[in-house]
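Novice: Sending over a structure as structure tokens; questions will come in a sec.
The values are calculated or read from the model by the stated rules, or taken from the named source; none is laboratory data. Nothing here was measured: the structure is a model prediction, and the numbers come from that model. Counting neighbours? That spans all protein chains shown, and the Cβs are built from the backbone with ideal geometry, glycine included.
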Amino acid sequence: MLESIKGVVLDIEKGKISVNVSGFGFLVNTIMESGVPTVGDEISLYTHMSITQNGLDIYGFENKTERDLFRTIIKVPNVGPKTAFSLMQGLGGHGIRKALDSNDPDPISKVKGIGSKTAKRIILELKDKLKLVPKKEFEEAKKALIAIGYSSKEADQAICEAVKDTDYLSVDEIVKKVLKEI
């Protein structure tokens, strides 16, 4: 499998980036939340490669947390990589977690290609698989990280990464774990 890709941006299309890696051009489906790179920039992405009878697709993510979320979503019955990618494009990792936390299938069902039955199945399947931080602790930890210089998006990603393999952490434990990973 292709775990990551690092190279120079050759071309940019909507939702896709062509990356030159040692003379080979790879077309990568990607969501660039931190800003779209320009042609000639060096880029590094965590990837998931999907091989089907119709061909090979590479999905690229800015961090492991996003890629792991993508891989968790495609384990839901009848949800393939294209649907999972559309979901992540439409809601982003934070939006998906928010929908799961509130047990609300509506935001998920508004994403192109996902109906209400699939949205409900996604909520049902992922609710137990993803470690969700209680809202109060998440917000307090986020405020603490923003106060020490993290952006809102960086704080969200750092908190999700810090709690992904644990059952429950207090606000202090979340912040300590994030700071240890620096």
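Novice: State all residues of the stretch 1-51 that are small (Gly, Ala, Ser) and part of a strand (DSSP E or B); if no residue qualifies, say none.
Specialist: Looking only at the stretch 1-51, we keep the residues that are small (Gly, Ala, Ser), and these are 4, 7, 15, 18, 22-23, 25, 34-35, 40, 44, 50.
Once the filter is applied, which keeps residues that are small (Gly, Ala, Ser) and part of a strand (DSSP E or B), the stretch 1-51 yields SER4, GLY7, SER18, GLY25, SER44, SER50.
Novice: Sticking with this structure for a sec: If you take the residues of the stretch 52-78 that are farther than 17 Å from ILE159 by Cα and among the polar types (S, T, N, Q), which of them is surrounded by the fewest Cβ atoms within 10 Å (Cβ to Cβ)?
Specialist: Step one: of the stretch 52-78, the residues farther than 17 Å from ILE159 by Cα are 52-61, 70-78.
Adding the requirement that they be among the polar types (S, T, N, Q) leaves 52-54, 72, 78.
Numbers: THR52: 10, GLN53: 4, ASN54: 7, THR72: 15, ASN78: 9.
Among those residues, the one meeting the criterion is GLN53.
Novice: Still on this structure: Take the stretch 1-39 and flag every residue that is of a type in the set (Phe, Trp, Tyr) and surrounded by 12 or more Cβ atoms within 10 Å (Cβ to Cβ).
Specialist: The first filter runs over the stretch 1-39 and keeps only residues of a type in the set (Phe, Trp, Tyr), leaving 24, 26.
Hit for the stretch 1-39 is PHE26, nothing else.
Novice: Let me ask something additional. Show the residue pairs that are 6+ apart or on different chains and have beta-carbon atoms under 7 Å apart, the first residue being within the stretch 1-27 and assigned by TED's automatic domain parsing to the domain that holds LEU56, the second being of a type in the set (D, E, K, R) and in a loop (DSSP other than H, G, I, E, B).
Specialist: VAL9/ASP41
Novice: Restricted to the stretch 98-135, and to residues that are charged (D, E, K, R) and not in a helix (DSSP H, G or I), which residue is surrounded by the fewest Cβ atoms within 10 Å (Cβ to Cβ)?
Specialist: Start the filter on the stretch 98-135 by keeping residues that are charged (D, E, K, R), which leaves 98, 101, 104, 106, 110, 112, 117, 120-121, 125, 127-129, 131, 135.
Those left that are additionally not in a helix (DSSP H, G or I): 104, 110, 112, 131.
Working: ASP104: 13, LYS110: 12, LYS112: 9, LYS131: 15.
Looking at residues that are charged (D, E, K, R) and not in a helix (DSSP H, G or I), I get LYS112.
Novice: Can you confirm whether the stretch 52-69 contains a residue that is charged (D, E, K, R), without any contact (Cβ under 8 Å) to a residue 40 or more places away in the chain and in contact with a His (Cβ under 7 Å, 6 or more places away or on another chain)?
Specialist: yes
Novice: Look at ILE74 and say whether it is of a type outside the set (Ser, Thr, Tyr), touching a strand residue (DSSP E or B) at 6+ places or on another chain (Cβ under 9 Å), assigned by TED's automatic domain parsing to the domain that holds ALA119 and without any contact (Cβ under 8 Å) to a residue 60 or more places away in the chain.
Specialist: Numbers: of a type outside the set (Ser, Thr, Tyr): yes; touching a strand residue (DSSP E or B) at 6+ places or on another chain (Cβ under 9 Å): yes; assigned by TED's automatic domain parsing to the domain that holds ALA119: yes; without any contact (Cβ under 8 Å) to a residue 60 or more places away in the chain: yes.
For ILE74, the condition - of a type outside the set (Ser, Thr, Tyr), touching a strand residue (DSSP E or B) at 6+ places or on another chain (Cβ under 9 Å), assigned by TED's automatic domain parsing to the domain that holds ALA119 and without any contact (Cβ under 8 Å) to a residue 60 or more places away in the chain - is met.
Novice: Another question about this same structure. Quick test for you: out of LYS6, LYS16, pick the one residue that is within 20 Å of LEU91 (Cβ to Cβ) and in contact with a strand residue (DSSP E or B) (Cβ under 6 Å, 6 or more places away or on another chain).
Specialist: LYS16
Novice: Additional query: Of everything in the stretch 141-174, what is over 21 Å from the mean Cα position of the chain (by Cα) and either modelled with pLDDT of 85 or more or within 18 Å of GLU66 (Cβ to Cβ) (or both)? Give them in sequence order.
Specialist: Residues satisfying the conditions are LYS143, ALA144, ALA147, ILE148, GLY149.
Novice: Filter the stretch 79-97 down to the residues that are over 13 Å from the mean Cα position of the chain (by Cα) and surrounded by fewer than 17 Cβ atoms within 10 Å (Cβ to Cβ) and list them by number.
Specialist: First pass over the stretch 79-97, keeping only residues over 13 Å from the mean Cα position of the chain (by Cα): 79-80, 82-83.
Within the stretch 79-97, GLY80, LYS82 qualify.
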